[in-house]
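Visitor: If you scroll down you'll find the structure; I have some questions about it.
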Amino acid sequence: MFIGFSVSNFLSFRNTQTISMRASKVARHKAHILNRSGRKILKTSLIYGANAGGKSNFIKAIDFSRDIILEGLEEVDLNRKYFRICYEGYKQPGVFEYRLLTKSGKEYSYGIVISYVSKEILSEWLIRIEKNGSETCIFNRDLDEKGNRFTDSEVKYKSEAEQMRWEIYLDDFGKNISASMKRKSILSDIAERSNRKSGVFGEVLDVYEWFQSIIILFPTSQYSGLNQLVENEGVRSLFSDLLKYFDTGIESVESKMGRMEFDKIFGGIPGEYAEKLKIRISNDLEEDSVMFRINNQVYSLREDEEGNIITTKMMQNHGNAQELFEYAEESDGTQRLFDLLPLFCEHNRNRVVFIDEIDRSLHTNLTRKFLELFYTLTESDSSQIIATTRDSNLLDLDLVRQDEVWFVKRLEDHSSEIYSLNRYKERYDKKIDKEYLLGRYEAVPVFEEQILEVMDD
(Lines give C-alpha, C1' and ligand atoms only; values in the text may rest on other atoms or scores of the structure.)
Protein backbone atom coordinates (compact mmCIF):
# COMPACT_ATOMS: atom_id res chain seq x y z
CA MET A 1 0.00 0.00 0.00
CA PHE A 2 1.03 3.57 -0.69
CA ILE A 3 1.13 5.80 2.39
CA GLY A 4 2.93 8.87 1.13
CA PHE A 5 5.61 10.41 -1.06
CA SER A 6 7.96 13.40 -0.83
CA VAL A 7 10.05 14.97 -3.56
CA SER A 8 12.40 17.91 -3.96
CA ASN A 9 14.48 19.34 -6.81
CA PHE A 10 12.75 17.47 -9.57
CA LEU A 11 11.17 19.33 -12.51
CA SER A 12 8.85 21.98 -11.01
CA PHE A 13 9.29 20.76 -7.42
CA ARG A 14 11.98 22.93 -5.85
CA ASN A 15 11.39 22.57 -2.12
CA THR A 16 10.14 19.39 -0.48
CA GLN A 17 6.52 18.61 -1.38
CA THR A 18 4.55 15.78 0.20
CA ILE A 19 1.33 13.84 -0.40
CA SER A 20 -0.05 11.64 2.37
CA MET A 21 -2.67 8.91 2.12
CA ARG A 22 -3.28 8.76 5.86
CA ALA A 23 -6.93 9.27 6.63
CA SER A 24 -7.94 12.30 8.69
CA LYS A 25 -10.90 12.55 11.05
CA VAL A 26 -13.38 13.12 8.19
CA ALA A 27 -16.47 11.09 9.08
CA ARG A 28 -17.93 10.41 5.60
CA HIS A 29 -17.14 7.62 3.12
CA LYS A 30 -15.65 5.22 5.65
CA ALA A 31 -15.50 2.60 2.88
CA HIS A 32 -12.72 4.70 1.33
CA ILE A 33 -10.49 3.91 4.32
CA LEU A 34 -8.31 0.81 4.42
CA ASN A 35 -7.61 -0.45 7.92
CA ARG A 36 -4.35 -2.34 7.69
CA SER A 37 -2.16 -3.28 10.62
CA GLY A 38 -3.71 -0.54 12.76
CA ARG A 39 -3.18 2.10 10.09
CA LYS A 40 -5.98 4.01 8.35
CA ILE A 41 -5.01 4.56 4.73
CA LEU A 42 -7.08 6.15 1.96
CA LYS A 43 -8.01 4.29 -1.23
CA THR A 44 -7.78 7.30 -3.53
CA SER A 45 -6.28 10.73 -4.04
CA LEU A 46 -7.33 13.16 -6.78
CA ILE A 47 -4.81 15.86 -7.69
CA TYR A 48 -6.02 19.10 -9.29
CA GLY A 49 -4.17 22.03 -10.76
CA ALA A 50 -3.96 24.49 -13.61
CA ASN A 51 -2.13 23.66 -16.83
CA ALA A 52 1.62 23.84 -16.22
CA GLY A 53 0.97 23.89 -12.48
CA GLY A 54 2.94 20.73 -11.88
CA LYS A 55 0.35 18.04 -11.18
CA SER A 56 1.67 15.74 -13.93
CA ASN A 57 5.18 16.22 -12.55
CA PHE A 58 4.06 14.42 -9.41
CA ILE A 59 3.33 11.26 -11.40
CA LYS A 60 6.57 11.77 -13.33
CA ALA A 61 8.46 11.93 -10.02
CA ILE A 62 7.00 8.55 -9.04
CA ASP A 63 7.88 7.06 -12.42
CA PHE A 64 11.38 8.57 -12.47
CA SER A 65 12.35 7.46 -8.96
CA ARG A 66 10.85 3.99 -9.43
CA ASP A 67 13.02 3.51 -12.53
CA ILE A 68 16.13 4.56 -10.59
CA ILE A 69 15.29 2.18 -7.75
CA LEU A 70 14.66 -0.82 -10.02
CA GLU A 71 16.97 -0.17 -12.98
CA GLY A 72 19.70 2.15 -11.70
CA LEU A 73 20.83 5.57 -12.88
CA GLU A 74 22.47 4.19 -16.02
CA GLU A 75 19.00 3.38 -17.39
CA VAL A 76 17.44 6.76 -16.56
CA ASP A 77 17.61 10.04 -18.46
CA LEU A 78 18.84 12.67 -15.97
CA ASN A 79 19.04 15.48 -18.48
CA ARG A 80 17.35 18.64 -17.16
CA LYS A 81 15.28 16.82 -14.55
CA TYR A 82 16.27 19.22 -11.78
CA PHE A 83 14.45 22.48 -10.97
CA ARG A 84 15.80 24.49 -13.89
CA ILE A 85 14.42 27.92 -12.91
CA CYS A 86 17.06 28.07 -10.20
CA TYR A 87 20.38 28.76 -11.93
CA GLU A 88 22.35 26.26 -9.89
CA GLY A 89 19.54 23.74 -9.51
CA TYR A 90 21.64 21.05 -11.15
CA LYS A 91 24.15 21.29 -8.29
CA GLN A 92 21.49 20.39 -5.73
CA PRO A 93 20.52 16.76 -5.14
CA GLY A 94 17.20 15.25 -6.15
CA VAL A 95 15.42 13.66 -3.17
CA PHE A 96 12.64 11.06 -3.31
CA GLU A 97 11.12 9.39 -0.24
CA TYR A 98 8.28 6.86 0.04
CA ARG A 99 6.12 5.67 2.90
CA LEU A 100 4.71 2.25 2.10
CA LEU A 101 3.11 -0.83 3.59
CA THR A 102 4.24 -4.18 2.21
CA LYS A 103 2.19 -7.36 1.85
CA SER A 104 3.66 -8.52 5.17
CA GLY A 105 1.89 -5.64 6.93
CA LYS A 106 5.11 -3.81 7.79
CA GLU A 107 5.53 -0.08 7.24
CA TYR A 108 8.72 1.34 5.76
CA SER A 109 10.31 4.62 4.87
CA TYR A 110 12.45 4.27 1.77
CA GLY A 111 14.39 7.14 0.30
CA ILE A 112 16.99 7.86 -2.32
CA VAL A 113 19.11 10.94 -3.06
CA ILE A 114 20.77 11.45 -6.44
CA SER A 115 23.35 13.82 -7.91
CA TYR A 116 22.54 15.35 -11.27
CA VAL A 117 26.20 16.37 -11.65
CA SER A 118 28.06 13.13 -10.92
CA LYS A 119 25.10 10.96 -11.98
CA GLU A 120 25.27 8.74 -8.91
CA ILE A 121 23.27 7.82 -5.84
CA LEU A 122 24.46 9.85 -2.85
CA SER A 123 22.21 8.44 -0.14
CA GLU A 124 19.73 5.63 0.28
CA TRP A 125 17.87 4.31 3.28
CA LEU A 126 15.29 1.73 4.30
CA ILE A 127 13.71 2.18 7.74
CA ARG A 128 11.09 -0.05 9.32
CA ILE A 129 8.41 1.92 11.17
CA GLU A 130 6.95 0.03 14.11
CA LYS A 131 3.32 0.45 15.25
CA ASN A 132 4.51 2.39 18.31
CA GLY A 133 6.40 4.81 16.07
CA SER A 134 9.88 3.50 16.81
CA GLU A 135 12.27 3.05 13.90
CA THR A 136 14.74 0.38 12.89
CA CYS A 137 17.30 1.14 10.21
CA ILE A 138 17.44 -1.80 7.80
CA PHE A 139 20.21 -0.12 5.85
CA ASN A 140 21.61 3.35 5.30
CA ARG A 141 24.13 4.48 2.70
CA ASP A 142 25.47 7.99 2.96
CA LEU A 143 28.49 10.27 2.89
CA ASP A 144 30.38 11.31 6.03
CA GLU A 145 31.68 14.83 6.70
CA LYS A 146 34.75 14.18 4.53
CA GLY A 147 32.67 12.88 1.65
CA ASN A 148 33.59 9.24 2.25
CA ARG A 149 30.93 6.62 1.60
CA PHE A 150 29.70 4.34 4.34
CA THR A 151 26.85 1.95 5.11
CA ASP A 152 25.28 0.89 8.38
CA SER A 153 22.38 -1.16 9.74
CA GLU A 154 20.53 -1.75 13.03
CA VAL A 155 18.84 -5.06 12.25
CA LYS A 156 18.78 -8.05 14.58
CA TYR A 157 20.05 -11.07 12.70
CA LYS A 158 18.62 -14.56 12.90
CA SER A 159 22.02 -16.16 12.62
CA GLU A 160 25.73 -15.42 12.22
CA ALA A 161 25.50 -16.61 8.64
CA GLU A 162 22.77 -14.06 7.88
CA GLN A 163 24.83 -11.29 9.52
CA MET A 164 27.96 -12.18 7.56
CA ARG A 165 26.08 -12.33 4.25
CA TRP A 166 24.28 -9.04 4.97
CA GLU A 167 27.48 -7.21 5.86
CA ILE A 168 29.15 -8.44 2.66
CA TYR A 169 26.33 -6.97 0.57
CA LEU A 170 26.49 -3.63 2.38
CA ASP A 171 30.28 -3.47 2.11
CA ASP A 172 29.89 -3.35 -1.67
CA PHE A 173 28.33 0.10 -1.23
CA GLY A 174 30.79 1.38 1.33
CA LYS A 175 34.25 2.91 1.17
CA ASN A 176 35.51 0.86 -1.78
CA ILE A 177 32.34 1.10 -3.87
CA SER A 178 32.75 0.53 -7.61
CA ALA A 179 31.64 3.01 -10.27
CA SER A 180 28.74 0.78 -11.31
CA MET A 181 27.52 0.38 -7.73
CA LYS A 182 27.40 4.17 -7.33
CA ARG A 183 24.58 4.16 -9.88
CA LYS A 184 22.66 1.21 -8.46
CA SER A 185 20.28 0.98 -5.50
CA ILE A 186 21.05 -1.31 -2.58
CA LEU A 187 17.43 -2.37 -2.69
CA SER A 188 17.63 -3.77 -6.22
CA ASP A 189 21.12 -5.22 -5.79
CA ILE A 190 20.21 -7.30 -2.75
CA ALA A 191 16.81 -8.34 -4.12
CA GLU A 192 18.34 -9.49 -7.41
CA ARG A 193 21.43 -11.20 -5.99
CA SER A 194 19.91 -12.94 -2.99
CA ASN A 195 17.28 -15.67 -3.21
CA ARG A 196 16.58 -15.61 0.52
CA LYS A 197 12.99 -14.82 1.48
CA SER A 198 13.33 -14.68 5.25
CA GLY A 199 14.93 -12.38 7.81
CA VAL A 200 16.35 -9.07 6.69
CA PHE A 201 16.67 -10.31 3.09
CA GLY A 202 12.94 -11.07 3.06
CA GLU A 203 12.19 -7.52 4.17
CA VAL A 204 14.27 -6.06 1.35
CA LEU A 205 12.59 -8.36 -1.16
CA ASP A 206 9.11 -7.31 0.05
CA VAL A 207 9.91 -3.62 -0.49
CA TYR A 208 11.52 -4.33 -3.87
CA GLU A 209 8.45 -6.25 -5.01
CA TRP A 210 6.24 -3.38 -3.88
CA PHE A 211 8.02 -1.08 -6.32
CA GLN A 212 7.76 -3.73 -9.04
CA SER A 213 4.02 -4.08 -8.51
CA ILE A 214 2.93 -0.43 -8.78
CA ILE A 215 1.26 0.60 -12.04
CA ILE A 216 1.89 4.00 -13.66
CA LEU A 217 -0.30 5.23 -16.51
CA PHE A 218 0.31 8.37 -18.55
CA PRO A 219 -2.00 9.81 -21.24
CA THR A 220 0.14 8.11 -23.90
CA SER A 221 0.36 4.78 -22.06
CA GLN A 222 -0.63 1.68 -23.94
CA TYR A 223 -2.86 -0.86 -22.33
CA SER A 224 -0.63 -3.26 -20.40
CA GLY A 225 -3.08 -6.10 -19.89
CA LEU A 226 -3.97 -7.01 -23.46
CA ASN A 227 -2.25 -10.36 -23.05
CA GLN A 228 -4.86 -11.29 -20.45
CA LEU A 229 -7.63 -10.49 -22.91
CA VAL A 230 -5.99 -12.50 -25.64
CA GLU A 231 -5.27 -15.62 -23.64
CA ASN A 232 -7.79 -15.72 -20.76
CA GLU A 233 -11.44 -16.40 -21.54
CA GLY A 234 -12.57 -15.42 -18.03
CA VAL A 235 -10.86 -12.02 -18.30
CA ARG A 236 -12.40 -11.46 -21.75
CA SER A 237 -15.85 -12.19 -20.35
CA LEU A 238 -15.37 -9.71 -17.50
CA PHE A 239 -14.09 -7.08 -19.91
CA SER A 240 -17.07 -7.59 -22.17
CA ASP A 241 -19.44 -6.95 -19.26
CA LEU A 242 -17.51 -3.86 -18.17
CA LEU A 243 -17.36 -2.42 -21.68
CA LYS A 244 -21.11 -2.86 -22.06
CA TYR A 245 -21.61 -1.24 -18.66
CA PHE A 246 -19.73 1.84 -19.84
CA ASP A 247 -21.78 2.07 -23.04
CA THR A 248 -18.92 1.64 -25.51
CA GLY A 249 -21.00 -0.18 -28.12
CA ILE A 250 -18.86 -3.31 -27.70
CA GLU A 251 -20.90 -6.46 -27.21
CA SER A 252 -17.97 -8.76 -26.51
CA VAL A 253 -14.20 -9.11 -26.70
CA GLU A 254 -13.06 -12.00 -28.89
CA SER A 255 -9.82 -13.78 -29.76
CA LYS A 256 -9.08 -14.33 -33.44
CA MET A 257 -6.59 -17.00 -34.53
CA GLY A 258 -4.69 -17.32 -37.79
CA ARG A 259 -1.38 -18.13 -39.47
CA MET A 260 1.45 -15.68 -38.93
CA GLU A 261 1.70 -13.24 -41.84
CA PHE A 262 4.97 -11.44 -41.18
CA ASP A 263 4.76 -9.09 -44.16
CA LYS A 264 1.26 -7.93 -43.24
CA ILE A 265 1.87 -7.54 -39.52
CA PHE A 266 5.25 -5.87 -39.95
CA GLY A 267 4.04 -3.53 -42.70
CA GLY A 268 5.56 -0.07 -42.35
CA ILE A 269 8.41 -1.26 -40.12
CA PRO A 270 11.99 -0.84 -41.43
CA GLY A 271 13.21 -4.08 -42.96
CA GLU A 272 16.27 -4.48 -40.75
CA TYR A 273 14.24 -4.04 -37.56
CA ALA A 274 11.54 -6.40 -38.85
CA GLU A 275 14.14 -9.09 -39.52
CA LYS A 276 15.50 -8.81 -35.99
CA LEU A 277 11.95 -9.17 -34.61
CA LYS A 278 11.38 -12.28 -36.70
CA ILE A 279 14.57 -13.88 -35.40
CA ARG A 280 13.78 -12.99 -31.79
CA ILE A 281 10.23 -14.30 -32.06
CA SER A 282 11.38 -17.55 -33.68
CA ASN A 283 13.97 -18.10 -30.93
CA ASP A 284 11.54 -17.31 -28.11
CA LEU A 285 8.90 -19.66 -29.53
CA GLU A 286 11.24 -22.57 -29.00
CA GLU A 287 10.48 -22.33 -25.27
CA ASP A 288 6.94 -20.93 -24.89
CA SER A 289 4.22 -18.74 -26.39
CA VAL A 290 5.21 -15.13 -27.05
CA MET A 291 3.29 -11.88 -26.54
CA PHE A 292 4.27 -8.81 -28.54
CA ARG A 293 2.77 -5.47 -29.55
CA ILE A 294 3.14 -3.87 -32.94
CA ASN A 295 1.17 -1.25 -34.86
CA ASN A 296 -1.10 -0.66 -31.85
CA GLN A 297 -2.18 -4.30 -31.76
CA VAL A 298 -1.20 -7.13 -29.43
CA TYR A 299 -0.52 -10.65 -30.63
CA SER A 300 -0.03 -13.96 -28.86
CA LEU A 301 2.18 -16.33 -30.86
CA ARG A 302 2.73 -20.08 -30.59
CA GLU A 303 3.95 -22.92 -32.75
CA ASP A 304 1.62 -25.71 -33.84
CA GLU A 305 2.68 -29.35 -34.20
CA GLU A 306 3.80 -28.74 -37.78
CA GLY A 307 6.02 -25.81 -36.84
CA ASN A 308 3.71 -23.13 -38.18
CA ILE A 309 3.46 -19.88 -36.19
CA ILE A 310 -0.14 -19.29 -35.07
CA THR A 311 -1.28 -15.80 -34.06
CA THR A 312 -4.06 -14.89 -31.66
CA LYS A 313 -5.17 -11.29 -31.35
CA MET A 314 -7.88 -9.41 -29.52
CA MET A 315 -10.90 -8.23 -31.51
CA GLN A 316 -14.12 -6.47 -30.55
CA ASN A 317 -17.67 -7.41 -31.52
CA HIS A 318 -19.88 -4.34 -32.04
CA GLY A 319 -23.00 -6.35 -32.85
CA ASN A 320 -21.88 -8.20 -36.00
CA ALA A 321 -19.77 -11.25 -35.25
CA GLN A 322 -18.76 -11.42 -38.91
CA GLU A 323 -17.18 -7.94 -38.81
CA LEU A 324 -14.93 -7.66 -35.79
CA PHE A 325 -13.03 -4.48 -34.90
CA GLU A 326 -9.36 -4.20 -34.01
CA TYR A 327 -8.14 -2.35 -30.93
CA ALA A 328 -6.67 0.44 -33.08
CA GLU A 329 -10.11 1.10 -34.60
CA GLU A 330 -11.72 1.92 -31.26
CA SER A 331 -12.30 5.51 -30.13
CA ASP A 332 -9.79 7.30 -27.89
CA GLY A 333 -12.23 7.02 -25.00
CA THR A 334 -12.67 3.27 -25.43
CA GLN A 335 -8.92 2.78 -25.69
CA ARG A 336 -8.52 4.73 -22.45
CA LEU A 337 -10.95 2.31 -20.80
CA PHE A 338 -8.71 -0.52 -21.92
CA ASP A 339 -5.98 1.21 -19.92
CA LEU A 340 -8.11 1.48 -16.79
CA LEU A 341 -10.35 -1.56 -16.63
CA PRO A 342 -7.56 -4.07 -15.82
CA LEU A 343 -7.73 -2.62 -12.30
CA PHE A 344 -10.84 -4.71 -11.77
CA CYS A 345 -9.23 -8.01 -12.81
CA GLU A 346 -8.08 -10.45 -10.16
CA HIS A 347 -4.46 -10.38 -11.36
CA ASN A 348 -4.33 -6.64 -10.65
CA ARG A 349 -6.14 -6.54 -7.32
CA ASN A 350 -4.32 -5.08 -4.34
CA ARG A 351 -2.30 -2.85 -6.67
CA VAL A 352 -1.27 0.77 -6.29
CA VAL A 353 -2.05 2.65 -9.49
CA PHE A 354 -0.82 6.13 -10.41
CA ILE A 355 -2.71 7.74 -13.30
CA ASP A 356 -1.91 11.00 -15.03
CA GLU A 357 -5.10 12.53 -16.45
CA ILE A 358 -7.56 9.83 -15.45
CA ASP A 359 -10.26 11.73 -17.32
CA ARG A 360 -8.40 11.85 -20.65
CA SER A 361 -10.83 11.25 -23.56
CA LEU A 362 -13.59 10.23 -21.13
CA HIS A 363 -16.98 11.84 -20.64
CA THR A 364 -17.28 13.33 -17.17
CA ASN A 365 -20.15 10.97 -16.28
CA LEU A 366 -18.04 7.99 -17.32
CA THR A 367 -15.08 9.08 -15.19
CA ARG A 368 -17.37 9.46 -12.18
CA LYS A 369 -18.90 6.02 -12.80
CA PHE A 370 -15.42 4.55 -13.05
CA LEU A 371 -14.52 5.86 -9.59
CA GLU A 372 -17.82 4.71 -8.13
CA LEU A 373 -17.25 1.25 -9.58
CA PHE A 374 -13.70 1.24 -8.23
CA TYR A 375 -14.92 1.92 -4.69
CA THR A 376 -17.53 -0.85 -4.99
CA LEU A 377 -15.49 -3.60 -6.65
CA THR A 378 -12.34 -3.10 -4.57
CA GLU A 379 -14.02 -2.60 -1.21
CA SER A 380 -12.52 -5.80 0.21
CA ASP A 381 -8.98 -5.40 -1.15
CA SER A 382 -6.11 -2.94 -0.85
CA SER A 383 -6.24 -1.37 -4.30
CA GLN A 384 -5.44 2.34 -4.48
CA ILE A 385 -5.68 5.00 -7.18
CA ILE A 386 -3.68 8.23 -7.12
CA ALA A 387 -4.67 10.31 -10.13
CA THR A 388 -4.35 13.76 -11.62
CA THR A 389 -7.44 15.25 -13.23
CA ARG A 390 -8.96 18.46 -14.56
CA ASP A 391 -12.57 17.26 -14.23
CA SER A 392 -14.10 19.62 -11.67
CA ASN A 393 -17.30 17.54 -11.63
CA LEU A 394 -15.39 14.98 -9.57
CA LEU A 395 -14.99 17.62 -6.86
CA ASP A 396 -18.08 16.38 -5.08
CA LEU A 397 -18.06 15.45 -1.41
CA ASP A 398 -20.79 12.94 -2.14
CA LEU A 399 -18.16 11.11 -4.20
CA VAL A 400 -14.85 11.74 -2.40
CA ARG A 401 -13.60 12.73 1.04
CA GLN A 402 -12.00 16.09 1.80
CA ASP A 403 -8.68 14.36 2.55
CA GLU A 404 -8.71 12.63 -0.84
CA VAL A 405 -8.47 15.92 -2.74
CA TRP A 406 -5.13 17.64 -3.38
CA PHE A 407 -4.14 20.76 -5.28
CA VAL A 408 -0.94 21.78 -7.05
CA LYS A 409 -0.29 25.45 -7.73
CA ARG A 410 2.57 27.39 -9.31
CA LEU A 411 4.29 29.85 -7.00
CA GLU A 412 5.92 33.16 -7.93
CA ASP A 413 9.30 31.48 -8.35
CA HIS A 414 7.62 29.04 -10.80
CA SER A 415 7.99 26.11 -8.43
CA SER A 416 5.05 23.85 -7.53
CA GLU A 417 3.36 23.54 -4.16
CA ILE A 418 1.13 20.59 -3.16
CA TYR A 419 -1.54 20.98 -0.49
CA SER A 420 -4.71 19.24 0.68
CA LEU A 421 -8.32 20.42 0.55
CA ASN A 422 -8.26 19.72 4.28
CA ARG A 423 -6.37 22.99 4.64
CA TYR A 424 -9.69 24.78 4.16
CA LYS A 425 -11.73 22.69 6.64
CA GLU A 426 -14.75 22.58 4.33
CA ARG A 427 -18.11 21.21 5.45
CA TYR A 428 -19.41 18.00 3.89
CA ASP A 429 -22.26 19.88 2.16
CA LYS A 430 -19.98 22.49 0.52
CA LYS A 431 -20.14 22.76 -3.29
CA ILE A 432 -16.40 22.53 -3.67
CA ASP A 433 -16.49 22.27 -7.48
CA LYS A 434 -17.91 25.79 -7.76
CA GLU A 435 -15.57 27.10 -5.09
CA TYR A 436 -12.60 25.61 -6.94
CA LEU A 437 -13.52 27.22 -10.27
CA LEU A 438 -14.01 30.55 -8.49
CA GLY A 439 -10.43 30.33 -7.22
CA ARG A 440 -11.02 29.70 -3.51
CA TYR A 441 -8.48 26.87 -3.48
CA GLU A 442 -6.24 28.53 -6.07
CA ALA A 443 -4.59 26.00 -8.45
CA VAL A 444 -6.65 27.41 -11.36
CA PRO A 445 -5.53 29.42 -14.39
CA VAL A 446 -5.10 33.15 -13.81
CA PHE A 447 -5.58 35.21 -16.96
CA GLU A 448 -3.85 38.49 -17.79
CA GLU A 449 -6.77 40.67 -18.84
CA GLN A 450 -4.34 43.34 -20.06
CA ILE A 451 -4.00 41.28 -23.22
CA LEU A 452 -7.30 42.80 -24.36
CA GLU A 453 -5.85 46.29 -24.15
CA VAL A 454 -2.78 45.19 -26.05
CA MET A 455 -4.91 43.61 -28.78
CA ASP A 456 -7.00 46.79 -29.08
CA ASP A 457 -3.86 48.83 -29.61
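The values are calculated or read from the model by the stated rules, or taken from the named source; none is laboratory data. For clarity, every value in this text was computed on a predicted model and none was experimentally measured. Neighbour counts run over all protein chains shown; Cβ positions are idealised from the backbone, glycine included.
Visitor: Can you name the residue in segment 334-369 that is acidic (Asp, Glu) and closer than 25 Å to residue 233 by Cα and is also surrounded by the fewest Cβ atoms within 10 Å (Cβ to Cβ) among such residues? So that I can check it myself, show each step before the final result.
Guide: At the first step, the residues of segment 334-369 found to be acidic (Asp, Glu) are 339, 346, 356-357, 359.
Next, from what is left, pick out any that are closer than 25 Å to residue 233 by Cα: 339, 346.
Values: 339: 21, 346: 12.
Restricting to residues being acidic (Asp, Glu) and closer than 25 Å to residue 233 by Cα, the top hit is 346.
Visitor: Let me ask something additional. Between a first residue in segment 135-156 that is more than 22 Å from residue 208 (Cβ to Cβ) and a second residue that is in a strand (DSSP E or B) and among the hydrophobic types (A, V, I, L, M, F, W, C), which pairs have beta carbons less than 6 Å apart while being 6 or more apart in sequence or on different chains?
Guide: The qualifying pairs are 144/150.
Visitor: Within segment 296-333, track down each residue that is surrounded by 13 or more Cβ atoms within 10 Å (Cβ to Cβ), aliphatic (A, V, I, L, M), more than 18 Å from residue 235 (Cβ to Cβ) and within 33 Å of the chain's Cα centre (by Cα).
Guide: 301
Visitor: Next up: I need a count of the residues in segment 167-199 that are part of a helix (DSSP H, G or I), on the phi < 0 side of the Ramachandran plot and in contact with a helix residue (DSSP H, G or I) (Cβ under 6 Å, 6 or more places away or on another chain).
Guide: Keep residues of segment 167-199 that are part of a helix (DSSP H, G or I), which gives 167-171, 181-183, 186-193, 199.
Pick out the ones that are also on the phi < 0 side of the Ramachandran plot and you get 167-171, 181-183, 186-193.
Subset that is in contact with a helix residue (DSSP H, G or I) (Cβ under 6 Å, 6 or more places away or on another chain): 169, 183, 187-188, 190-191.
Looking only at that region, the number is 6.
Visitor: Further question on the same structure: Please enumerate the residues belonging to segment 186-221 that are closer than 30 Å to residue 332 by Cα and either among the charged types (D, E, K, R) or at pLDDT 85 or above (or both).
Guide: Just the residues of segment 186-221 that are closer than 30 Å to residue 332 by Cα, to begin with: 211-221.
Answer for segment 186-221, where residues must be closer than 30 Å to residue 332 by Cα and either among the charged types (D, E, K, R) or at pLDDT 85 or above (or both): 211, 212, 213, 214, 215, 216, 217, 218, 219.
Visitor: Given 122, 126, which one is under 18 Å from residue 205 (Cα atoms), assigned to a strand (DSSP E or B), in the same structural domain as residue 181 (by TED's automatic domain parsing) and touching a residue at least 12 places away in the same chain (Cβ under 8 Å)?
Guide: Values: 122 fails: under 18 Å from residue 205 (Cα atoms).
Just one listed residue meets the conditions, 126.
Visitor: Restricting attention to segment 82-90, does a residue exist that is part of a loop (DSSP other than H, G, I, E, B) and closer than 28 Å to residue 135 by Cα? Write out each step before concluding.
Guide: Pass one, segment 82-90, residues part of a loop (DSSP other than H, G, I, E, B): 82-88.
Next cut, closer than 28 Å to residue 135 by Cα only: none.
There is no residue in segment 82-90 that is part of a loop (DSSP other than H, G, I, E, B) and closer than 28 Å to residue 135 by Cα.
Visitor: Please work out which residue is nearest to residue 120 (Cα to Cα), limiting yourself to segment 144-175 and to residues that are among the β-branched types (Val, Ile, Thr) and surrounded by 12 or more Cβ atoms within 10 Å (Cβ to Cβ). Walk me through how you get there before you give the answer.
Guide: The first filter runs over segment 144-175 and keeps only residues among the β-branched types (Val, Ile, Thr), leaving 151, 155, 168.
Going one step further and asking which of them are surrounded by 12 or more Cβ atoms within 10 Å (Cβ to Cβ), we end up with 151, 155.
Working: 151: 16, 155: 26 Å.
For segment 144-175, the residue satisfying everything is 151.
Visitor: Does at least one position in segment 315-326 carry a residue that is at pLDDT 90 or above, under 25 Å from residue 11 (Cα atoms) and acidic (Asp, Glu)?
Guide: no
Visitor: Also: Where in segment 1-63 are there strands (runs of 3 or more DSSP E), lying wholly inside it, with at least 1 residues that are modelled with pLDDT of 95 or more and either more than 23 Å from residue 214 (Cα to Cα) or of a type in the set (Gly, Ala, Ser) (or both)?
Guide: Working: elements: 2-8, 17-20, 33-36, 39-42, 44-49.
Hits in segment 1-63: 2-8, 17-20, 44-49.
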